[in-house]
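The values are calculated or read from the model by the stated rules, or taken from the named source; none is laboratory data. What you are looking at is a predicted structure, and each value in this text was computed from that prediction instead of being measured. Neighbour counts are summed over all protein chains in view; Cβ atoms, including those assigned to glycine, are modelled from backbone coordinates with ideal geometry.
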Amino acid sequence: MAPLKHLVSWIFAGLLLIHPFSVLAAITTPLPDLYEASLTELQAGLTSGQFNSVDLIKAYFARIEEVNLQGPALRAVIETNPSALDEAAALDYERLLYGPRSSLHGIPVLVKDNTATVAFEGMNTTAGSYTLLKSIVPEDAGVVKRLRQAGAIILGKANLSEWAHFRGNLASGWSGRGGQCTNAYYPNADPCGSSSGSAVASSIGLTAVALGTETDGSITCPANQNNVVGIKPTVGLTSRAGVIPISEHQDTVGPLARSMSDAAIVLSIIAGPDPNDNFTLAQPTPVPDYTMALSNSSLVGKRIGVPRSVFLNDSLTGNDPYVNVVFEQALEILKELGATIVDPADLPSAYEIYYSNNETVVLNTDFKIQLDGWFNSLVANPSGVASLADVITFDNANPTLEEPAGYTDQSELIASEATTGFNSSYYQSLAFDKELGATRGIDAALQTYSLDALVLPAPGYTTVPAAIAGYPIVTGTFSIADLHLCIHTWICCMTVPLGFYLDNVTIGSAGPNTVYPAPGVPIGLSFLGTAWSEYELIGFGYAYEQRTQTRLQRRAYAAAIPTVQLADVIGSGSP
């Protein structure tokens, strides 16, 4: 790396001669605090030469080292990328010669461990299971290809609920390979799943941004419990090619970030058609620049509905009364921002969705078929596991790795293995899900009340209609439960920060080693819309976020906040 180092020094000296004021300004500008640093701040520092991508990788690696396995042992990251420093150096060189490719050029991105990266780079793709350790995938996931094309650096793999929380009745955030991930806002608090590590890492600046995946609640729930923004896109907006599957009818990939603007930047890059995922070929084109939706006046004149029945009914969803208190306050803020609140604006199918078993039928059937397909697609798999049936056998044969005390359940795997393929019951359930979630669900409410979106606290039942409909959700800190519930077809959902549990809240148990609720744990707010409505939802979430600045009202507990900053690594030597 010595010749590259000398070349960089020579180019920097040349820039100083040509643009002395901009270079000197970079030297005197305070370095961004990585706990809150935005993509815009990081890109500005890289462009000005205040620091480079090698510095960023070193800083994030050091921050992960501080709190991931040491100190509070958050276990948010399963492994880091051994090629990241070399990739960063090459991107620094490219920036000096040609300028940045995009707003993600040279930016570290953490991806969930069910998202494929080429094996020669040095990382695994396992969904947290030892059955896939050292397996070789044929190529990068579709979203990873887009990140790399934009100049992003894959920082590492985030921990998750094993098999994206489709193994059994286990605590959120646990995987055999990664152990128990925990929330950074209270010791051993539930991080929610399955994109647990992605949300925890984003929440305290272990990465610039992260990707998660959702089948039902796995982006939105971690977002709301970890004080970050999460966007669950419409099924088919982002490619699922190269993502270890649960169901092609509900799986989707989206960003987890500290701000709506960062999430919008990432979504703009990872969205788009992919010939390896035919669902993406149905999306409207071109892909919007979602950052153009970021307006403080986005809610002016909009009609926002509250589907109050069922979703805010304690006897069914178990909502905490305090969550309803902060939600009512949020409704008043939405009014102040210019929205008309239509309350109630109930989904006609709400109670049917709650009592329906159709989602289970669809997911169990899809999981067996598609997971077996994943094993068949691998170039190599040293474990010898080649099917879902083999996964169950492997787990039972390796209890130390896959069935430690408190984490033995495999009921979901067993139920999926018992399915018999695409039969009439499956197709009936799939069609009924679409009807319940979209036709007589979200779309019916939007049309009946002439609404632009729906808004809810994310406790419990919030995600189900969007999951089975495949619709989008935008979420931040105001949601509460980790239930696999959103509508299966095409809905989008977004979550943004809403508030935090009070310090005197009664601490509950969330598993053998985790607690929930707990003092200071975040609560999120979700905006739901019809298919392909991400642009509008991002605008609504941004206006609310900018008005409230909820994320900034509370930080993680002291031991969970890394201390390493850019100043500690700049000038520390070549990779």
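From the list Ala567, Ala556, which residue is modelled with pLDDT of 95 or more, assigned to a helix (DSSP H, G or I), within 28 Å of Leu42 (Cα to Cα) and among the small types (Gly, Ala, Ser)? If you could, list the steps in order and put the result at the bottom.
Values: Ala556 fails: assigned to a helix (DSSP H, G or I).
Only one candidate passes the filter, namely Ala567.
Do any residues in region 448-465 that are crowded, with 24+ Cβ neighbours inside 10 Å and part of a helix (DSSP H, G or I) have Cβ atoms under 9 Å from those of residues that are modelled with pLDDT under 80 and of a type in the set (Phe, Trp, Tyr), where the two are at least six apart or on different chains, and which pairs are they?
From region 448-465, the pairs are Gly460/Phe311; Tyr461/Phe311; Tyr461/Tyr354; Thr462/Phe311; Val464/Tyr354; Pro465/Phe311.
Quick check on region 106-122. Is at least one of its residues surrounded by fewer than 24 Cβ atoms within 10 Å (Cβ to Cβ), in contact with a Leu (Cβ under 9 Å, 6 or more places away or on another chain), modelled with pLDDT of 95 or more and not in a loop (DSSP other than H, G, I, E, B)?
Checked against the condition, which is being surrounded by fewer than 24 Cβ atoms within 10 Å (Cβ to Cβ), in contact with a Leu (Cβ under 9 Å, 6 or more places away or on another chain), modelled with pLDDT of 95 or more and not in a loop (DSSP other than H, G, I, E, B), region 106-122 yields no hits at all.
Given the residues Ala171, Ala150, which is the only one that is aliphatic (A, V, I, L, M) and within 29 Å of Ile265 (Cβ to Cβ)? Full working, then the answer.
Values: Ala171 fails: within 29 Å of Ile265 (Cβ to Cβ).
Matching residue, one of Ala171, Ala150: Ala150.
Looking at region 407-433 only, could you name the residues that are crowded, with 21+ Cβ neighbours inside 10 Å and either on the phi > 0 side of the Ramachandran plot or in contact with a strand residue (DSSP E or B) (Cβ under 7 Å, 6 or more places away or on another chain) (or both)?
Across region 407-433, the qualifying residues are Tyr407, Asp433.
Return the only residue of Gly437, Gly441 being surrounded by 14 or more Cβ atoms within 10 Å (Cβ to Cβ), in contact with a Gly (Cβ under 8 Å, 6 or more places away or on another chain) and in a helix (DSSP H, G or I). Before the answer, list the steps.
On the way: Gly441 fails: in contact with a Gly (Cβ under 8 Å, 6 or more places away or on another chain).
From the options Gly437, Gly441, the qualifying one is Gly437.
So the check is Cβ under 8 Å with 6+ separation or different chains; which pairs have a first residue in region 89-103 that's among the basic types (Lys, Arg) and a second one that's surrounded by 20 or more Cβ atoms within 10 Å (Cβ to Cβ) and part of a helix (DSSP H, G or I)?
Arg95/Leu46; Arg95/Ser53
I'd like to verify a number: residues in region 480-511 that are over 21 Å from Ala531 (Cβ atoms) and modelled with pLDDT under 50, how many?
Taking region 480-511 and keeping what is over 21 Å from Ala531 (Cβ atoms), we get 480-483, 497-511.
Restricting the remaining residues to those that are modelled with pLDDT under 50 gives 480-483.
Of the residues in that region, 4 qualify.
Kindly evaluate Gly156 against the criterion of being outside any strand (DSSP E or B), buried (at least 24 other Cβ atoms within 10 Å of the Cβ) and either touching a Cys at 6+ places or on another chain (Cβ under 8 Å) or not β-branched (Val, Ile, Thr) (or both). Break it down into steps so the answer makes sense when it comes.
Details: outside any strand (DSSP E or B): no; buried (at least 24 other Cβ atoms within 10 Å of the Cβ): yes; either touching a Cys at 6+ places or on another chain (Cβ under 8 Å) or not β-branched (Val, Ile, Thr) (or both): yes.
It is false that Gly156 is outside any strand (DSSP E or B), buried (at least 24 other Cβ atoms within 10 Å of the Cβ) and either touching a Cys at 6+ places or on another chain (Cβ under 8 Å) or not β-branched (Val, Ile, Thr) (or both).
For Leu371, are the conditions met, namely being buried (at least 19 other Cβ atoms within 10 Å of the Cβ) and either touching a Gly at 6+ places or on another chain (Cβ under 6 Å) or not small (Gly, Ala, Ser) (or both)?
yes
From Pro382, Pro348, grab the single residue that is outside any helix (DSSP H, G or I) and surrounded by fewer than 13 Cβ atoms within 10 Å (Cβ to Cβ). Talk me through it step by step, then tell me what you get.
On the way: Pro348 fails: surrounded by fewer than 13 Cβ atoms within 10 Å (Cβ to Cβ).
Of the residues listed, the single one that is outside any helix (DSSP H, G or I) and surrounded by fewer than 13 Cβ atoms within 10 Å (Cβ to Cβ) is Pro382.
Could we say that Ser198 is modelled with pLDDT of 95 or more, outside any loop (DSSP other than H, G, I, E, B), under 15 Å from the mean Cα position of the chain (by Cα) and not aliphatic (A, V, I, L, M) here?
Yes, satisfied.
List the helices (runs of 4 or more DSSP H) inside region 1-76, counting only whole elements, that have at least 1 residues being under 24 Å from Ser102 (Cα atoms), at pLDDT 50 or above and small (Gly, Ala, Ser).
Details: elements: 2-18, 20-28, 39-48, 53-67.
Correct list: 20-28, 39-48, 53-67.
Restricting attention to strands (runs of 3 or more DSSP E) lying wholly within region 210-325, give those where 2 or more residues are surrounded by fewer than 24 Cβ atoms within 10 Å (Cβ to Cβ) and more than 15 Å from the chain's Cα centre (by Cα).
On the way: elements: 229-232, 252-257, 303-305.
Fully inside region 210-325 and qualifying: 303-305.
With the condition kept exactly as written, say whether any residue in region 89-110 is among the basic types (Lys, Arg) and either within 26 Å of Leu413 (Cα to Cα) or in contact with a Phe, Trp or Tyr (Cβ under 6 Å, 6 or more places away or on another chain) (or both).
Start the filter on region 89-110 by keeping residues that are among the basic types (Lys, Arg), which leaves 95, 101.
From the residues that got through so far, the ones that are either within 26 Å of Leu413 (Cα to Cα) or in contact with a Phe, Trp or Tyr (Cβ under 6 Å, 6 or more places away or on another chain) (or both) too are none.
No.
Since Glu79 meets every condition but one in (1) closer than 17 Å to Ala152 by Cβ; (2) under 24 Å from the mean Cα position of the chain (by Cα), which condition does it not meet?
It fails just one condition, (1).
Given (1) free of Cβ contacts under 8 Å to residues at least 60 places away in the same chain; (2) more than 24 Å from the chain's Cα centre (by Cα), identify the lone condition not met by Val391.
(1)
For region 527-564, give me each residue that is more than 30 Å from Leu451 (Cα to Cα) and in contact with a helix residue (DSSP H, G or I) (Cβ under 7 Å, 6 or more places away or on another chain). Spell out the reasoning first.
First, pick out the residues of region 527-564 that are more than 30 Å from Leu451 (Cα to Cα): 552-564.
Hits for region 527-564 are Ala556, Ala560, Pro562, Thr563, Val564.
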